[in-house]
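First comes the structure, then the notes that go with it.
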Amino acid sequence: MGDYVVRFVNARIGYEEPIIRDIALNIPTSSLTTILGPNGSGKTTLLRAIIKYARLFGGYVYIDGKSISEVSIRDLPRYVSYSPAEIYSQMALTVLDVVMSSRNGSGWVSRMKRLPHLSTWA
């Protein structure tokens, strides 16, 4: 399993009920992987399963060789980050701010006092 950073093994994923059924997918370590498909085909649901936002009804999901069920929510940012395609904010955030905010809490919130253009928010 060490050759893959993410693995789905016969996974059934959804919210109230499975939307994706019996998917098998291996995402190799140190690779760029693109997930393509029409609207409503489950691309976002697949990614949300990795961050435990979508429910796993059956099968297995592994991150870096560990079952997703063994990775706590607190430890999840060590393995993966997620920035939704649509972010609604009253604040003017740069792309760097958005990306950093999804990684280990080291984003714009903790950097506010060091950013002069956001000093009124500190």
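The values are calculated or read from the model by the stated rules, or taken from the named source; none is laboratory data. Quick caveat, the model's predicted, so the values are computed rather than measured. Note that each Cβ is placed from the backbone with ideal geometry, even for glycine, and that neighbours are counted across all protein chains shown.
Remarks
- Taking the criterion of being at pLDDT 90 or above and more than 13 Å from ALA11 (Cα to Cα), the only residue of the range 54-64 that qualifies is ILE63.
- Screening SER101 on (1) surrounded by 11 or more Cβ atoms within 10 Å (Cβ to Cβ); (2) closer than 30 Å to ASN10 by Cα; (3) modelled with pLDDT under 90 shows it passes everything except condition (2).
- Single match in TYR53, TYR62 (criterion: within 18 Å of ARG78 (Cβ to Cβ), surrounded by 11 or more Cβ atoms within 10 Å (Cβ to Cβ) and either among the acidic types (Asp, Glu) or touching a residue at least 60 places away in the same chain (Cβ under 8 Å) (or both)): TYR62
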